Structures are given as structure tokens and as C-alpha cells.
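The values are calculated or read from the model by the stated rules, or taken from the named source; none is laboratory data. Computed from a predicted structure; not experimentally measured. Virtual Cβ from ideal backbone geometry, glycine too; neighbours counted across all protein chains shown. Protein only, heavy atoms only, side chains kept; ligands, DNA and RNA dropped before computing areas. Shrake-Rupley method; radii C 1.70, N 1.55, O 1.52, S 1.80 Å.
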Amino acid sequence: MNQNTVYDAIVVGTGITGGWAAKELCENGLKTLVLERGPMVRHIEDYKTMHDDPWDYKFRGELSRDDKKKYHKQLRVGWAPTEDSKHFFVNDLEHPYQETKRFDWIRGYQVGGRSLTWGRQSYRWSDIDFEANLKDGMGVDWPVRYKDISPWYDKVERYIGVSGQNLGLRQLPDGKFLPPMQLSCVEQDLQKAIDDKFEDDRLLTIGRVAHITENTTEFKGRGPCQYRDRCWRGCPFGGYFSSNSSTLPAAERTGNMTLRPNSIVHEVVYDETTKKATGVKIIDAETHEKLEFKGKIVFLCASAMASVGILFQSKSKSFPNGIGNNYDELGRNIMDHHYALGANASTGEHSNRYHKGRRPNGFYIPRFVNLDEKTKRKDFLRGFGYQGNSSRTDWSESIAEAGYGNNLKAAILKPGNWQIGVYGFGEMLPYHDNRVTLSRDKKDQWGLPQLDFDVEFKENEYKMREAIKEEAVAMLKAANFENIEPYDKETGPGLGIHEMGGARMGWNPRTSVVNKHNQVHDVPNIYVTDGAFMTSAACVNPSLTYMAFTARAANHAAEQFKLGKFA
């Protein structure tokens with residue numbers, strides 16, 4: 001590649017936001033260089049485990065002892081990586097980071113990033129979320145409201161394909177949905193019990209999930225979900241949305257995209273004379289060669305913490321502590337969601353019923369606390385929602401110690417009782433002292449400083465966790481389920497895999513890093529559109545919001561470019 005080429009735009013990262021930035025910029029006619037620190041993953045061609053069965057693996061999906069050492073931090077999440085998906089998660093020994101306080105950083109370094117392994121739950125924010133900071137005094141006010149983002153939610157939902165139900169809830173705005181997936185018989189029992197026995201706004205619905213659920217030619221090159229639930233291997237049908245199956249091919253079709261994998265961006269280059277970014281510096285992940293690429297616009301979509309790290313390393317005379325950090329706001333206000341708590345139960349009902357296929361989705365219970373005076377809690381701020389699922393129990397529970405021969409075979413073929421679980425996702429407040437910095441002495445294999453996390457849950461989070469467990473138990477009891485057991489696993493921020501903040505959006509350059517269009521206040525041709533820009537966390541999965549803001553910012557950048565603002 002010619003380092004003298006001046007691209008109209010450079011996009012750093014190819015995950016959920018990088019793919020959207022590339023698509024929108026390229027479709028607006030901008031010659032765009034897309035850089036990814038990991039290797040190439042081509043849709044279908046590079047999904048090497050997409051058709052494998054459990055018996056194709058030596059350990060039936062479990063990692064070997066040696067692999068568990070390589071993924072010792074990734075394994076904190078409890079369910080990933082597995083033998084069939086480990087290639088989409090980073091090797092912790094090769095990509096270390098520091099923890100002043102525990103932080104579970106789950107990463108995927110490849111073209112497509114975590115869009116290949118995300119949970120695909122897709123929910124809109126409401127003005128209850130955008131106004132929360134202003135109303136309760138935590139953090140800084142968002143410079144946007146729902147009306148500013150609503151058209152972009154529409155655009156994203158139509159393009160990626162989100163299935164679900166419109167509910168008319170003020171705390172969870174309706175969207176542009178494909179036909180919903182179906183609840184199981186046990187989930188319908190819980191849905192009815194919640195409707196009948198609670199007077200607040202709580203209800204149960206099927207999850208809003210980025211899966212195509214009908215045959216249509218609307219989604220180029222993508223077909224409907226096959227209910228295999230092998231999503232983390234890469235979907236050869238394109239049933240769920242990923243950068244690889246959708247936005248990157250769209251960018252490529254324009255002829256305006258140049259994609260370079262194995263390119264570790266570590267610095268945005270700043271020109272003291274023009275007061276603009278002029279490009280980025282990279283290290284080739286394979287050769288360790290140092291290169292510089294020029295561009296008139298830079299989009300940081302490397303994932304929240306990685307983009308913060310790049311900004312920290314982008315030092316100059318004007319920004320001795322990193323671009324956008326003259327007021328010590330960079331790296332602060334790190335957030336995540338509560339995770340790994342809730343309650344489980346079982347029921348002897350519906351023993352004559354089973355389910356067809358492997359639904360890659362669960363049910364959802366939207367937030368129902370701290371919405372108004374009627375639902376206000378005195379013990380904590382903000383709110384929480386639940387995700388959940390049901391299934392017939394594993395056959396092994398029905399096998400007695402003495403079972404063998406014909407009795408053993410019969411027991412294996414007979415499913416046990418239905419199990420159901422509700423899992424809480426609660427909002428974490430934007431504390432100024434929850435921060436990430438560059439390590440002073442620890443470097444990675446490319447000589448770059450490692451990130452050091454100093455982030456923790458505080459009193460508000462722990463009080464909310466108690467409420468999450470209590471309400472989960474109450475709802476399961478309302479349905480007359482049996483063997484109800486609350487749980488709260490020891491965890492810290494990061495495990496929800498919704499890390500946010502570090503370069504938050506705001507009105508004032510002294511208290512925030514980017515403006516309402518996701519531009520760095522002092523360097524307007526740098527846009528930050530991954531989770532780093534988040535000013536608060538809400539309690540819903542954030543990826544849909546990242547995509548909506550990215551599409552909005554990319555079109556803003558294209559307009560400014562065509563007006564000559566970045567010449």
C-alpha cells in the first residue's frame with residue numbers, strides 16, 4: 001500500500017461500529033481505508049467450525065488445559081470461549097492488560113470483531129435514559145435526546161433485521177421489527193403470571209434480536225435464521241447480523257473501501273498548524289513494521305477501551321496527555337452492566353411438551369423501577385431489566401447411579417422437568433474515578449503500553465443487585481414455579497461485555513471528550529463512535545445504540561467533507 005495516498009477517511013476497527021462507519025462513508029462516496037488489528041475473516045469462507053458437531057471435537061467443546069491457560073481471563077465470563085469458537089476470542093497470554101481492580105475484558109481481534117460473537121439483543125434507549133444524568137445529577141448531561149437518534153434507530157433496525165414485538169412502553173421505544181420468535185409454554189406461564197399479579201409496568205416479551213425471521217430478498221446475501229444456535233462460529237446463512245455478512249460487503253460493493261487486516265493502530269497523527277488529524281500510525285501485527293497512513297477524517301471504532309488507549313497514545317505539543325485529554329477526562333467514567341445474578345426455578349408442568357429447533361434468543365422483561373414517582377426506589381438510582389430462557393433439563397439428572405444397559409438408554413432419551421432462569425442486567429453509574437490509564441512500565445509484544453483498569457462497582461450497584469435478586473424470586477414465585485434459587489456470582493465490571501465510557505459525549509469540552517456529533521471537541525475531524533462515547537449506560541444492551549450513533553456520525557462527517565470542512 002502506498003503511504004503517500006491520502007484517503008478521504010480512515011476507519012479503525014471492523015466490529016459493530018467499524019462496519020457501519022465503513023458502509024456509510026463508502027456509500028457517501030468517500031474513499032475509505034479500514035484498518036483491523038486482527039486477521040482477515042471472510043464471510044462463510046473463514047467460518048471454519050460452522051458445520052461441526054460436538055463429536056468432531058476431542059473434548060466435546062470444552063477447552064484443553066493448555067487452552068484454558070491461554071484464555072484465562074476470557075473464561076471469566078463462564079460460557080466462552082469454547083473449543084469451536086476460541087479462534088474468535090483473544091489469547092490472554094498474547095494480549096495482556098493490567099488490573100489495579102478486577103476488570104473482565106472480553107475481546108475478539110479479527111475482521112468483524114465481536115460482531116461475530118455478540119449476543120444480538122437490540123433495544124432502543126428512551127428519553128428516560130438520555131435525561132437520567134441531568135435529572136439525578138450523576139455524570140454530565142447528554143447533548144442529544146431520543147428524537148435526535150430515533151431516525152437512525154429506524155435505519156439500523158431496517159438494515160440489520162431485528163425481530164421482536166412493539167409494546168408501547170415509554171421506557172423501551174418501539175421499533176421496525178421483523179416477526180418475533182416464539183415463547184415456550186413455560187415462558188408463556190411466566191408472562192401470564194407477571195401480567196396478572198403485578199400492578200406496575202412490568203411485562204415479559206420475546207427478546208428483540210438481530211436475526212432475520214422471514215424469507216425476503218430485502219437483506220442482500222443474507223437468509224433467515226435456521227435455529228441452529230451456532231452463532232459464535234459465524235453464520236453461513238447470514239441469519240444474524242455481523243459486519244462480515246452485512247456492512248463490510250456493502251462497503252466493498254461501492255468500490256470505495258480498502259481493507260487492511262493485521263494493522264495495529266496506536267496513534268492518531270495531529271498537525272499543529274492545521275489543528276486537524278492527518279492520519280494514523282500502525283504496527284503490522286505480523287511483521288512488526290511501522291507504517292503511517294494519511295486521511296482527512298479518522299473514525300475510532302476499535303472498541304471502547306482500545307479507542308481510549310489510542311487517544312492516550314496520540315500525544316503532541318497541543319495534547320501532551322493524549323488527544324482530547326487537556327482536562328483529564330480521557331479514560332474516566334468507565335461503565336458496564338450488572339451480570340451473573342438473578343434466579344432459577346423448575347416446574348413439573350408441560351411434561352408432554354418440548355420445543356423445536358434451538359432458538360438463539362430468550363425472553364426479555366423491560367425495566368419497571370425508577371420510571372416515575374409510583375415506581376421510585378429510595379435505596380438506589382436508575383434501573384434494571386431481565387433476560388431469560390427455558391429448557392428441558394439435561395438427561396444426566398435422571399440417571400441413577402446403578403443405571404446401565406436398557407435402563408440407561410431409556411433414561412438418556414427421556415427429558416426431565418422444564419427449567420427457567422431470569423438474569424438481571426442493571427445500570428452502572430458513571431463514576432469519575434472509575435478509569436483506565438496506560439501502564440507506566442508494562443508493554444505488549446509490539447512495545448505498546450498495556451491498559452490498566454481501576455474500575456469498581458459501588459454502593460448503588462450493590463443495592464441494585466439485591467433488588468434484582470428479590471424481584472426475580474418474586475416473579476418466579478408468582479408463576480408457582482418450584483425449586484426457586486436466587487444467585488449472585490462474584491464478579492466485577494467488564495463481565496457484562498458492555499464496557500462503555502472513557503471518551504464521553506457532552507456539551508462542555510472541559511467535562512467531556514466528544515460533542516453531540518461524536519467529534520473530539522478540539523479536533524473535529526476525529527470521530528469516536530464505539531462504546532467510548534457513552535455518557536451513561538442505561539440497562540439495555542448497547543450495540544443498537546452504538547450503530548445508530550455511528551450511522552448518524554458517518555453521515556455528518558460525509559456532509560462536512562463535501563462542504564470542504566476537512567480539506
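Looking at T254, T247 in this structure, which one is touching a residue at least 40 places away in the same chain (Cβ under 8 Å), hydroxyl-bearing (S, T, Y), more than 17 Å from R124 (Cα to Cα) and open to solvent by 20 Å² or more (accessible area, probe 1.4 Å)?
T254
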From the list R65, R60, R102, which one is closer than 30 Å to D454 by Cα, without any contact (Cβ under 8 Å) to a residue 24 or more places away in the chain and surrounded by fewer than 20 Cβ atoms within 10 Å (Cβ to Cβ)?
-> R65
In this structure, does Y109 turn out to be in contact (Cβ under 8 Å) with a residue 12 or more places away in the chain, within 30 Å of T511 (Cα to Cα) and either open to solvent by 10 Å² or more (accessible area, probe 1.4 Å) or touching a Leu at 6+ places or on another chain (Cβ under 7 Å) (or both)?
-> no
Taking the stretch 464-487 and keeping residues open to solvent by 30 Å² or more (accessible area, probe 1.4 Å) and outside any strand (DSSP E or B) leaves E466, K469, E470, E471, A474, K477, N480
Could you tell me whether T213 is crowded, with 19+ Cβ neighbours inside 10 Å, of a type in the set (S, T, Y) and more than 16 Å from Y109 (Cα to Cα)?
-> yes
Which residues, counting only those in the stretch 18-37, are closer than 18 Å to V308 by Cα and either open to solvent by 10 Å² or more (accessible area, probe 1.4 Å) or part of a loop (DSSP other than H, G, I, E, B) (or both)?
-> E36, R37
So how many residues does the stretch 129-181 have that are open to solvent by 10 Å² or more (accessible area, probe 1.4 Å), assigned to a helix (DSSP H, G or I) and not aromatic (F, W, Y)?
-> 12
Test Q450 against the criterion of being out of contact with any Lys or Arg (no Cβ under 8 Å at 6 or more places or on another chain), within 30 Å of K290 (Cβ to Cβ) and of a type in the set (S, T, N, Q), and give yes or no.
-> no
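Only one of F481, F457, F425 is closer than 20 Å to V369 by Cβ and out of contact with any Pro (no Cβ under 9 Å at 6 or more places or on another chain). Can you tell me which?
Residue meeting the stated conditions: F425.
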Is there a residue being over 21 Å from A537 (Cβ atoms), open to solvent by 10 Å² or more (accessible area, probe 1.4 Å), part of a loop (DSSP other than H, G, I, E, B) and among the basic types (K, R) anywhere in the stretch 80-96?
-> no
Collect the residues in the stretch 266-286 that are under 19 Å from N321 (Cβ atoms), under 26 Å from the mean Cα position of the chain (by Cα) and of a type outside the set (V, I, T), keeping them in residue-number order.
-> H266, E267
Name the pairs: first residue in the stretch 153-172 and under 16 Å from G385 (Cα atoms), second residue part of a strand (DSSP E or B), Cβ to Cβ under 8 Å, at least 6 apart or on different chains?
-> L167/T205
Among the residues of the stretch 259-297, how many are among the aliphatic types (A, V, I, L, M) and without any contact (Cβ under 8 Å) to a residue 60 or more places away in the chain?
-> 1
Only one residue in T550, T545, T535 is within 22 Å of the chain's Cα centre (by Cα), part of a loop (DSSP other than H, G, I, E, B) and among the polar types (S, T, N, Q). Which one?
-> T535
Can you spot a residue in the stretch 296-312 that is hydroxyl-bearing (S, T, Y), touching a strand residue (DSSP E or B) at 6+ places or on another chain (Cβ under 7 Å) and surrounded by fewer than 24 Cβ atoms within 10 Å (Cβ to Cβ)?
-> no
Matching option when the condition is open to solvent by 10 Å² or more (accessible area, probe 1.4 Å) and of a type in the set (D, E), among E461, E490 = E490
Identity of the residue in the stretch 402-441, in a loop (DSSP other than H, G, I, E, B) and modelled with pLDDT under 95, that ends up surrounded by the fewest Cβ atoms within 10 Å (Cβ to Cβ) | A402
Can you find a residue in the stretch 189-199 that is open to solvent by less than 30 Å² (accessible area, probe 1.4 Å) and at pLDDT below 95?
-> no
Just one listed residue, out of S122, S115, S126, S184, is closer than 30 Å to T347 by Cα, of a type in the set (G, A, S) and open to solvent by less than 10 Å² (accessible area, probe 1.4 Å), and it is S122
Name the residues in the stretch 327-386 that are under 23 Å from the mean Cα position of the chain (by Cα), surrounded by fewer than 20 Cβ atoms within 10 Å (Cβ to Cβ) and under 19 Å from V209 (Cβ atoms), would you?
-> R358
The condition from (1) outside any loop (DSSP other than H, G, I, E, B); (2) more than 30 Å from V436 (Cα to Cα) that R76 misses is numbered (2)
